[in-house]
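Contents: one structure, followed by commentary.
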Amino acid sequence: MLEIRNLHAGIDGKQILKGVTLTINPGEVHAIMGPNGSGKSTLSAVLAGRDGYEVTAGEVIYQGKSLLEMAPEERAREGVFLAFQYPVEIPGVNSTYFLKAALNEVRKHHGLVELDAIEFLALVKDKMKALELREDFLKRPVNEGFSGGEKKKNEIFQMAVLEPKLAILDETDSGLDIDALKVVSAGVNRLRRADNAQLVITHYQRLLAYVIPDFVHVLCDGRIVRSGGKELALELEQRGYDWILSERNHTA
Amino acid sequence: MSTATETIEGLVKQDYKYGFVTDIENESAPPGLSEDIVRLISSKKGEPEFLLEWRLRAYRYWLTMTPPDWPQVHYPPIDFQDIIYYSAPKRRGDAPKSLDEVDPKLLEMYAKLGIPLRERERLAGVAVDAVLDSVSVGTTFKEKLAEKGVIFCSFSEAVREHPDLVKKHLGSVVPYTDNYYAALNSAVFSDGSFCYIPKGVRCPMELSTYFRINAAKSGQFERTLIVAEEGSHVSYLEGCTAPMRDENQLHAAVVELVAMDGAEIKYSTVQNWYPGDENGRGGIFNFVTKRGLAKGRCSKISWTQVETGSAITWKYPSCILQGDNSVGEFYSVAVTNNYQQADTGTKMIHIGKNTKSTIISKGISAGRGQNSYRGLVKIMKSASHARNFSQCDSLLIGNRCGAHTFPYIEVKNTTARVEHEATTSKIGEDQIFYCNQRGLSTQDAVNMIVNGYCKEVFRQLPMEFAVEAQKLLGVSLEGSVG
């Protein structure tokens with residue numbers, strides 16, 4: 001589904017990713033962990049096509065196409081979804097209107113008929129309940145005045161509605177209390193299918209206790225320095241990142 | 001500059017869609033202004049003596065005045081002797097008896113503008129008075145309105161048919177001594193709309209006027225007068241367009257509203273005069289005086305404006321809250337793109353007790369546009385327990401535009417409560433990227449963000465026009481924002 005080959009990227013002339021290679025197959029959940037400043041957010045930004053990042057080498061193949069050549073909105077329509085670490089507020093823009101427009105862009109792209117407001121509301125009703133979002137939620141402007149937890153729930157709700165092929169969750173656990181974390185995790189797990197994949201980016205292990213990954217990768221200084229199964233996350237939690245860093249320096 | 005900003009700026013560059021010129025034979029006066037021209041205009045229209053005298057007094061007063069230099073706008077001095085003060089579509093024989101006799105080219109032009117001059121058309125249910133250059137072309141739905149006693153006609157017709165009403169109210173809210181452009185308008189106004197709602201009548205439909213400047217070098221000086229008698233209610237909408245021309249054209253209108261006890265006037269404007277090209281050449285100079293007198297107890301005057309056109313806008317729709325418990329409202333969206341300059345806002349003059357006013361102003365600047373909000377809230381000594389709430393927001397798109405806010409607050413009564421809030425924000429690349437990541441194009445994202453920003457104002461517009469205003473904003477800003 002996604003193949004990242006020797007990806008080098010940076011911002012403002014500063015090299016941040018220094019050769020990331022990673023393959024994700026359908027049905028898999030991958031976690032990327034790493035200390036602050038290791039390049040986790042840069043990776044998600046480059047994959048989503050955020051402006052300002054410069055790719056200096058390498059390539060990314062998504063479903064047989066070159067992802068980096070696609071505009072951000074094309075990537076989204078092709079099924080790449082980024083759950084933002086800091087979802088932005090769009091004052092005055094009704095959440096229903098926003099999400100309906102987004103869904104219809106995706107549907108149009110796939111040659112499906114656009115949904116009208118009634119069809120849309122029927123579609124989203126259950127998905128809202130699953131994330132314990134209140135009825136009035138859709139009437140509120142996008143993220144405006146939302147609590148941190150509500151914003152994160154909204155991201156996963158949007159993901160549930162848009163049904164992406166590849167979902168990138170950027171620090172989705174940050175700022176969530178334990179109850180909200182459980183709701184959000186359950187929401188993410190429910191979306192797990194044999195034909196889609198999830199890339200979970202996180203600093204802490206605690207999200208991975210609920211969203212169980214198939215693979216865990218440790219990103220340090222712009223490279224994946226170690227990959228393993230879900231038990232690697234636990235080991236990191238116990239021993240910290242220094243352990244890997246020192247081991248790596250040792251072998252180098 | 002980042003690519004996102006460039007994209008936005010690219011979007012802002014869109015051609016003016018209404019810039020066609022219609023080839024209609026015009027009957028025009030020679031350029032220049034003198035007592036003779038004032039007399040000519042008056043006699044062309046067969047006006048009564050009182051009106052000619054009023055015009056001449058205004059003209060003589062105007063001669064003693066100088067143009068205002070305090071607005072935050074810059075333009076070369078206007079040569080008032082180079083402007084044509086009277087231009088009318090030439091008629092075949094006498095005045096048309098019905099729309100069927102109106103020049104088909106004219107009707108075609110209105111069709112191009114999307115104006116429902118014909119009753120069967122899209123906006124059925126809206127009565128339209130269309131003013132081309134200086135002359136009112138046709139008023140629809142007249143009979144239906146007459147059943148209710150509502151008078152809605154061109155100003156010229158009102159002068160002929162209802163001279164007493166005109167005499168009583170003309171200049172009662174905006175005297176010709178008010179300001180430079182009001183004086184000029186009073187001297188040379190050629191037509192406009194007149195509307196009278198009798199006591200207790202709720203006007204059964206939206207009333208609407210479309211203004212279009214067509215002839216080259218002509219100025220447009222229309223005059224609108226709306227009188228709402230006790231307990232009546234009317235909603236009025238005006239729309240404006242002009243063809244693209246290299247030279248600047250002058251538009252100096254006056255609008256007067258009078259609301260008696262318990263009466264309500266809602267006045268909405270969608271102004272889309274030609275803004276000039278992307279290098280700042282051409283465009284309309286829009287110097288307009290709009291004022292409503294909430295004369296009676298519990299009367300209400302509400303202004304809503306969506307200003308996307310004109311090279312220069314100088315306009316402050318105001319309310320004089322004279323009656324106790326009267327209410328004044330001002331909702332405004334003003335867009336400046338390319339080299340457009342706007343100095344606009346309102347004045348709320350509280351005289352009566354318990355008077356209340358609300359000001360919501362949304363300025364949007366893109367390209368090299370300069371947008372100023374200028375507003376006065378004045379609480380007179382007599383206005384016990386007056387209340388005002390003002391909110392002035394500015395939105396910037398790109399790095400070369402500007403937004404300015406000039407609030408003036410004068411309070412002479414200690415029981416008054418006045419609140420003012422102001423914000424300035426920039427369309428965030430974060431917001432656009434967020435929308436992109438959900439599959440929306442940058443243009444749709446900008447449109448959505450700006451419409452969200454303007455929502456409080458659009459909500460005030462009649463439904464059909466709110467849709468029109470949203471589209472217009474889209475065009476102006478695909479220009480840059482929509």
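The values are calculated or read from the model by the stated rules, or taken from the named source; none is laboratory data. Because the structure is a prediction, the values reported are computed rather than measured. Backbone-built Cβ (ideal geometry, glycine too); neighbour counts: all protein chains shown. With ligands, DNA and RNA removed, areas are computed over all heavy atoms of the protein, side chains included. Shrake-Rupley method; radii C 1.70, N 1.55, O 1.52, S 1.80 Å.
May I ask you to verify whether B:G482 is within 14 Å of another protein chain (Cβ to nearest Cβ), at pLDDT below 85 and either out of contact with any helix residue (DSSP H, G or I) (no Cβ under 9 Å at 6 or more places or on another chain) or surrounded by fewer than 17 Cβ atoms within 10 Å (Cβ to Cβ) (or both)? Against the criterion (within 14 Å of another protein chain (Cβ to nearest Cβ), at pLDDT below 85 and either out of contact with any helix residue (DSSP H, G or I) (no Cβ under 9 Å at 6 or more places or on another chain) or surrounded by fewer than 17 Cβ atoms within 10 Å (Cβ to Cβ) (or both)), B:G482 does not qualify.
Output yes when any residue across region A:110-123 is open to solvent by less than 40 Å² (accessible area, probe 1.4 Å) and under 19 Å from B:E429 (Cβ atoms), and no when none is. The answer is no; no qualifying residue exists.
Once region A:159-180 is narrowed to residues that are in contact with a strand residue (DSSP E or B) (Cβ under 8 Å, 6 or more places away or on another chain) and under 18 Å from A:R193 (Cβ atoms), the residue that is surrounded by the fewest Cβ atoms within 10 Å (Cβ to Cβ) is A:K165.
Taking region B:445-454 as the range and being facing chain A (nearest Cβ under 7 Å) and open to solvent by 20 Å² or more (accessible area, probe 1.4 Å) as the test, only B:Y453 passes.
Flag set for B:A383, criterion: touching a residue at least 60 places away in the same chain (Cβ under 8 Å) and more than 21 Å from the chain's Cα centre (by Cα). Here the condition is being buried (at least 22 other Cβ atoms within 10 Å of the Cβ) and either on the phi < 0 side of the Ramachandran plot or more than 14 Å from chain A (Cβ to nearest Cβ) (or both); of B:I397, B:I409, it holds for B:I397 alone.
Kindly evaluate B:S299 against the criterion of being small (G, A, S) and within 16 Å of B:V174 (Cβ to Cβ). It is false that B:S299 is small (G, A, S) and within 16 Å of B:V174 (Cβ to Cβ). Put simply, of B:P68, B:P89 the only residue that is under 24 Å from the mean Cα position of the chain (by Cα), modelled with pLDDT of 85 or more and not hydroxyl-bearing (S, T, Y) is B:P68. Looking only at residues of region A:18-44 that are among the small types (G, A, S) and surrounded by fewer than 23 Cβ atoms within 10 Å (Cβ to Cβ), we find that the one that is farthest from the other protein chains (Cβ to nearest Cβ) is A:G19.
Kindly check whether there is at least one residue in region A:98-115 that is away from every other protein chain (no Cβ under 13 Å) and either touching a helix residue (DSSP H, G or I) at 6+ places or on another chain (Cβ under 6 Å) or among the charged types (D, E, K, R) (or both). Looking for residues that are away from every other protein chain (no Cβ under 13 Å) and either touching a helix residue (DSSP H, G or I) at 6+ places or on another chain (Cβ under 6 Å) or among the charged types (D, E, K, R) (or both), one finds none in region A:98-115, hence no.
The condition of being more than 14 Å from every other protein chain (Cβ to nearest Cβ), surrounded by fewer than 17 Cβ atoms within 10 Å (Cβ to Cβ), within 16 Å of B:S190 (Cβ to Cβ) and at pLDDT 55 or above does not hold for B:L33. Across region B:337-354, the number of residues qualifying as farther than 30 Å from B:G367 by Cβ and assigned to a loop (DSSP other than H, G, I, E, B) comes to 4.
Taking the numbered list (1) away from chain A (no Cβ under 14 Å); (2) surrounded by 17 or more Cβ atoms within 10 Å (Cβ to Cβ) in turn, B:H420 passes all entries but (2). Restricting A:P141, A:P72 to those that are closer than 15 Å to A:P164 by Cα, facing chain B (nearest Cβ under 9 Å), open to solvent by 10 Å² or more (accessible area, probe 1.4 Å) and at pLDDT 90 or above reduces the list to A:P72.
Within region B:396-412, being touching a residue at least 60 places away in the same chain (Cβ under 8 Å) and over 13 Å from B:T344 (Cα atoms) holds for B:I397, B:G398, B:N399, B:C401. The one condition from (1) in a helix (DSSP H, G or I); (2) open to solvent by less than 60 Å² (accessible area, probe 1.4 Å); (3) away from chain A (no Cβ under 14 Å) that B:I432 does not meet is (3).
In region B:194-214, the qualifying residues are those that are farther than 14 Å from B:V234 by Cα and open to solvent by less than 10 Å² (accessible area, probe 1.4 Å), and the one that is modelled with the lowest pLDDT is B:N214.
Restricting A:L121, A:L112, A:L103, A:L133 to those that are farther than 19 Å from B:Q443 by Cβ and touching a Leu at 6+ places or on another chain (Cβ under 8 Å) reduces the list to A:L121. Taken together, the residues in region B:361-407 that are β-branched (V, I, T) and at pLDDT below 95 amount to 3.
Of all the residues in region B:284-305, those that are open to solvent by less than 10 Å² (accessible area, probe 1.4 Å), closer than 22 Å to B:P462 by Cα and over 16 Å from the mean Cα position of the chain (by Cα) number 2.
Consider region A:45-69 and keep the residues that are in contact with a Phe, Trp or Tyr (Cβ under 6 Å, 6 or more places away or on another chain) and within 11 Å of another protein chain (Cβ to nearest Cβ). The one that is farthest from A:P26 (Cα to Cα) is A:R50. Here B:T415 meets each of (1) part of a loop (DSSP other than H, G, I, E, B); (2) within 14 Å of another protein chain (Cβ to nearest Cβ); (3) among the β-branched types (V, I, T) with one exception, condition (2).
Yes/no matrix, rows are residues, columns are (1) modelled with pLDDT of 90 or more; (2) over 17 Å from the mean Cα position of the chain (by Cα); (3) surrounded by fewer than 24 Cβ atoms within 10 Å (Cβ to Cβ); (4) β-branched (V, I, T):
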{"site": "B:E230", "(1), (2), (3), (4)": "yes, yes, yes, no"}
{"site": "B:H233", "(1), (2), (3), (4)": "yes, yes, yes, no"}
{"site": "B:R245", "(1), (2), (3), (4)": "no, yes, yes, no"}
{"site": "B:N248", "(1), (2), (3), (4)": "no, yes, yes, no"}
{"site": "B:A253", "(1), (2), (3), (4)": "yes, no, no, no"}
{"site": "B:G262", "(1), (2), (3), (4)": "yes, yes, yes, no"}
{"site": "B:P275", "(1), (2), (3), (4)": "no, no, no, no"}
{"site": "B:G282", "(1), (2), (3), (4)": "no, yes, yes, no"}
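Considered as a group, the residues in region A:209-228 that are open to solvent by 20 Å² or more (accessible area, probe 1.4 Å) and part of a loop (DSSP other than H, G, I, E, B) include one that is modelled with the highest pLDDT, and that residue is A:D214. Could you check how many residues of region A:79-97 are within 11 Å of another protein chain (Cβ to nearest Cβ) and under 30 Å from A:N36 (Cα atoms)? Residues meeting the conditions: 11.
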